[in-house]
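A short worksheet on the structure shown next.
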Amino acid sequence: MQQSLIQKIISNWKSGLTVGLVSVPLGISLAVAAHATPTMGIITAFWACLIASLFGGSNYNVVGPAGALAGLLYAYATTFGTSSLPMLAIGAGILILIGYVMHIEKYLTFIPGSALHGFILGVSITLILNQLHSILGLATPTGHLSLIQRTLHALHHVADASPPSLYIFLATLACLIVCAGYFPRLPGTIIVTPLGIATGYLCNHHLIPWQLQTLGSKFSSITPSILQLPTFHWRADYCFPVVVIAIVALLETLISAKIADGLTKTKHNKRKEVIGLGLANIITGLCGGIPVTAVLARTALNIKSGCSDKISATIASACMLLVAFFCLPLFVYLPLTVMAAILIFIAGRLLEAEHFFLLFKYDRASFLVALLVAFITIYEDPLIGILLGVVLSMLMFMTKLSIGYHEIRRETADLEPLSSPIPTLEKTLTYTVKGPLVYINAQTHLARLEKEIPLYQNIILDLHDVYFIDIDGVEALNAIVGLGQHKGVSVRIIHPNPIIRHFIKQDETLQKVLDN
């Protein structure tokens with residue numbers, strides 16, 4: 001029996017409250033990691049969670065600022081300016097809705113796992129390297145520097161690092177790891193954030209003789225707001241980043257929803273989830289936020305906290321609103337090193353060491369593709385890395401397919417009569433084609449039979465394992481029949497499925513040798 005609205009609220013208020021409390025510090029941290037402001041993080045966390053909960057197709061997915069996007073957005077914000085992020089969110093949302101009309105979710109399956117996991121590895125490393133200055137308590141270098149240049153700058157100034165900043169980072173990270181390992185139902189972020197704010201307050205008021213960089217020292221003002229109208233200015237060079245953001249957001253969202261289905265034994269509406277993601281990005285951008293996607297860590301927390309309906313995310317957004325307006329002034333004391341620990345913990349959760357171990361053990365070629373995608377994602381651009389991974393994976397697949405899988409049976413005994421009988425002869429070769437017979441492998445089958453045909457008096461082409469054939473496959477069959485006729489060898493085609501039978505019967509030569 002369907003629950004009433006009141007019953008849904010009663011069943012989901014705990015999970016909504018938990019997700020809401022966690023999402024505020026995470027939203028701020030991830031926005032800062034994306035070179036945005038804390039206020040933009042609050043705007044993003046609130047609107048994305050609310051809109052996705054109202055229009056999405058999953059009862060469990062939590063949409064908001066994400067580690068998978070933070071590294072990308074940092075690069076784009078430093079190139080185009082922080083003011084470009086809302087426009088990128090709007091552009092990505094529009095592109096996602098266009099993808100919805102084109103049923104884009106069907107084509108995302110063409111992106112192989114090796115490319116996807118390589119991209120996630122690259123994003124995780126980017127997110128980690130971007131925190132080095134905050135961990136060491138160093139001033140962030142000015143000017144437009146690449147990730148490699150910023151990393152080298154931090155390493156070059158290690159001697160100038162602030163010991164208190166490093167100690168607090170290690171203590172915060174240890175607390176997050178312990179909570180995740182021993183108290184999985186207790187989000188470590190809820191613990192380390194108030195402790196970090198308290199530490200920053202004591203340092204700021206000289207009650208502790210430490211100098212710590214805080215959100216207040218980096219941002220002159222942090223105002224509680226859920227609406228900050230952006231500058232509506234589109235540039236032609238936004239197009240490429242928008243495509244990258246849309247693809248990553250779609251992949252992350254659908255993967256998160258699929259994993260949530262596995263944890264809850266339910267099934268989400270994939271089409272509605274795409275609409276919810278597109279609208280979440282558009283509305284968030286219009287309100288002054290940054291691009292968003294579903295986040296597996298917050299989705300898993302939502303499930304573990306007892307979520308049973310989308311209203312949990314709606315409650316979470318209401319909780320964020322209250323926390324933002326009543327508690328946001330306190331966040332000026334949050335040390336950047338505490339935020340760095342939270343972000344590195346997120347990056348560590350993104351890494352999939354077990355998957356890479358399995359790739360290395362069972363598929364070295366795909367393992368190398370994943371590493372290459374990760375390298376290009378870090379050094380150049382994630383979309384180039386993903387596209388290269390797709391191309392290499394498809395080339396590897398086509399190379400395997402071009403082998404032309406088959407089975408050969410050689411007979412000297414009498415043949416069982418066919419509907420179009422072959423005279424009893426001493427030597428018969430039955431050649432069974434395995435898999436598709438297409439342009440990739442048609443010539444391989446033809447070349448193989450060119451060597452075999454002169455040695456036999458009968459050639460039987462068994463197509464019962466062929467599930468697809470194209471015009472190149474038909475032409476290869478025609479060439480085999482022609483070669484047999486030239487050599488005085490009888491060729492017969494047997495056991496095609498009805499679709500392939502109809503296709504090859506259009507060829508007069510093949511129709512004559514087709515077993516009826």
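Coordinate-derived values only; no laboratory data. Here the structure is a predicted model, which is why all the values come from computation and not from measurement. Don't worry about glycine lacking a Cβ; one is built from the backbone with ideal geometry, like all the others, and counts go over all protein chains shown.
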Which residues does a label at CYS327 reach in the stretch 203-230, if reach means a backbone N under 19 Å from a point 7 Å past the Cα toward the Cβ? 215-216, 222-226
Run the dipole for the stretch 5-353 about the Cα centre, Lys and Arg Cβ at +1, Asp and Glu Cβ at -1, nothing else charged, and hand back the magnitude in debye, nearest 20. 720 debye
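What is the local net charge at SER84, summed over the other residues whose Cβ is closer than 13 Å to its Cβ (Lys, Arg +1; Asp, Glu -1)?
Numbers: positive: ARG235; negative: ASP237.
Combined, the nearby Lys, Arg, Asp and Glu give 0.
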Can you give the longest run of the chain that contains no chymotrypsin sites (Phe, Trp or Tyr not before Pro) sitting in a DSSP loop with at most 13 other Cβ atoms inside 10 Å? 235-466
Taking LYS400 as the anchor, which aspartates and glutamates have their alpha carbon closer than 16 Å to its alpha carbon, excluding any fewer than eight residues away along the same chain? ASP363
Along the stretch 232-241, what does the Karplus equation 6.51 cos²θ - 1.76 cosθ + 1.60 (θ = phi - 60°) give for ³J(HN,Hα), rounded to whole Hz, x for Gly and Pro? 7, 9, 9, 10, 4, 7, 6, 4, 5, x
A correct Karplus calculation of ³J(HN,Hα) over the stretch 296-313, with 6.51 cos²θ - 1.76 cosθ + 1.60, θ = phi - 60°, whole Hz and x for Gly and Pro, returns 5, 4, 6, 5, 5, 4, 4, 5, 5, 7, x, 4, 9, 7, 4, 5, 4, 5
For LYS106 and LEU358, extending 7 Å from Cα along the Cα-Cβ vector and measuring point to point gives, in nm, a value of 2.8 nm
Over the stretch 1-133, the quotient of the Cα radius of gyration and 2.2 N^0.38 Å is 1.21
Under 21 Å between alpha carbons: how many lysine pairs meet that in the stretch 406-513, if sequence neighbours fewer than 8 apart on the same chain are excluded? 6
Could you put VAL192, VAL438, VAL481 in order, starting from the residue whose Cβ has the fewest other Cβ atoms within 10 Å? VAL438, VAL481, VAL192
Return the loop-located trypsin sites (Lys or Arg not before Pro) in the stretch 96-190 (DSSP other than H, G, I, E, B) with at most 12 other Cβ atoms within 10 Å of their own Cβ; answer none if there are none. ARG185
Residue-wise HN-Hα coupling along the stretch 199-213, computed from phi with Karplus coefficients 6.51, -1.76, 1.60 (Hz; x: Gly, Pro): 5, x, 4, 4, 5, 5, 9, 6, 7, 10, x, 10, 10, 10, 6
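For the chain, what is the calculated [θ] at 222 nm in deg cm²/dmol (nearest 500), taking -39500 (n - 2.57) for each run of four or more DSSP H residues and dividing by its residue count? Show your work: numbers first, answer last.
Details: 22 runs with 323 residues, N = 516.
Rounded to the nearest 500, it is -20500 deg cm²/dmol.
Which longest uninterrupted range of the chain lacks any GluC sites (Glu not before Pro) assigned by DSSP to a loop state (not H, G, I, E or B) and surrounded by at most 14 other Cβ atoms within 10 Å?
Details: sites that count: GLU380, GLU426.
Of all site-free stretches, the longest is 1-379.
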Listed by chain and number, the residues whose amide H is under 5 Å from that of VAL491, excluding neighbours fewer than 5 places away on the same chain and using placed H, are ILE459
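Based on DSSP, what percent of beta bridges with both residues in the chain are antiparallel, to the nearest 5? Each step should come with its number before you reach the end.
Details: 9 of 21 bridges.
Percent antiparallel among DSSP bridges in the chain is about 45.
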Hits among lysines - C-alpha to C-alpha of LYS265 under 28 Å, sequence gap 8 or more where chains match: LYS8, LYS14, LYS106, LYS304, LYS310
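In nm, what is the difference between 0.36 nm times the number of residues separating TYR182 and VAL158 and their Cα-Cα distance? Numbers along the way, then the final one.
On the way: separation 24, 0.36 × 24 = 8.64 nm, distance 3.31 nm.
Separation in residues times 0.36 nm, less the Cα-Cα distance, equals 5.3 nm.
Please work out how much length the chain gains when fully extended from PHE240 to THR140, using 0.36 nm per residue of separation minus the C-alpha to C-alpha distance, in nm with one decimal.
This chain segment gains 33.3 nm when fully extended.
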